[in-house]
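Right, one structure below, let's go through it.
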Amino acid sequence: MINIITGSINSGKSTKLVYIYKSLGKGDGFFNKKIYNRNSYIGQKIVRLSTGESIIWSLKEKRPDFWQEEYNYQTYSFSKEALKFAEQIINSLIESKEPIFIDEIGPLELENKGFHKLFQRCLILNKELYVVIRRSCLKRILDKYKIKNYRIM
């Protein structure tokens, strides 16, 4: 079953995903946590639910010298290393019966970027999946990935 957490930007979708994970007490995955420099939003990091381990996923404008870009979208650059980190988290769950948590599927995935391949793999597994999808992308995501059996939370 695919459980979809949806809403607009800054509506608490990621917070709800973390709450559901903690309430269930099982599974693993990741959520995206916003990064601020003083009061300015500068990007996001991927945080593993079970351990709190994190890595910078996206940055706006200024990037460190060591940065290896996998994708870009508008003013954002997305990290190759962080994408591998997300894949390792999901790969560790493939053989288990535990639910998978993914934050977020949206504009990047509609362009076959971001977590596109990872999400496709999860859909094939036919496992319990909790996924955040931005409301403005919901219909296009459902159509693109041919998702029929789902529940909106």
**Q.** In degrees, nearest ten, helix 116-125 long axis to first principal axis of the chain (Cα)
**A.** 20 degrees
Q. Which longest run of the chain has no exposed loop site in it, a site being trypsin sites (Lys or Arg not before Pro) in a DSSP loop with at most 15 other beta carbons within 10 Å, and the site itself not part of the run?
A. 98-145
Q | Gain on full stretching of the segment that runs from Glu87 to Thr75 - 0.36 nm per residue minus C-alpha separation | A | 1.9 nm
Q) Using alpha carbons only, how many degrees (0 to 90, rounded to 10) separate the axis of helix 80-91 from the longest principal axis of the chain? A) 20 degrees
Q. For the cross-link pairs Lys60/Lys113; Lys16/Lys146; Lys84/Lys144, which exceed 20 Å when the distance is taken from alpha carbon to alpha carbon?
A. Lys16/Lys146; Lys84/Lys144
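Please report the carbon-and-sulfur percent of the accessible area for the stretch 70-153; probe 1.4 Å, protein heavy atoms only, DNA, RNA and ligands left out.
Working: 2030 of 4460 Å².
Summing carbon and sulfur atoms, their accessible area is 46 percent of the total for the stretch 70-153.
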Q. In degrees between 0 and 90, to the nearest 10, how far off the longest principal axis of the chain does helix 13-24 point, with axes built from Cα atoms?
A. 50 degrees
Q. Cβ under 13 Å from Gly106's Cβ, Gly106 left aside: what net charge do those residues give with Lys, Arg +1 and Asp, Glu -1?
A. +3
Q) What figure in square angstrom, to the nearest 10, would you give for the accessible area of Asp143 with a 1.4 Å probe? A) 90 Å²
Q) Pick from Asn126, Asn91, Asn32: which is most flexible by mean-square fluctuation in a GNM of the chain where alpha carbon atoms under 10 Å apart are linked? A) Asn126
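The values are calculated or read from the model by the stated rules, or taken from the named source; none is laboratory data. Since this is a predicted model, take the numbers as computed values, not measurements. Quick reminder, even Gly has a Cβ in these numbers, built from the backbone with ideal geometry, and neighbours come from all protein chains shown. Only protein heavy atoms, including side chains, enter the accessible area calculation; ligands, DNA and RNA are left aside. Shrake-Rupley method; radii C 1.70, N 1.55, O 1.52, S 1.80 Å.
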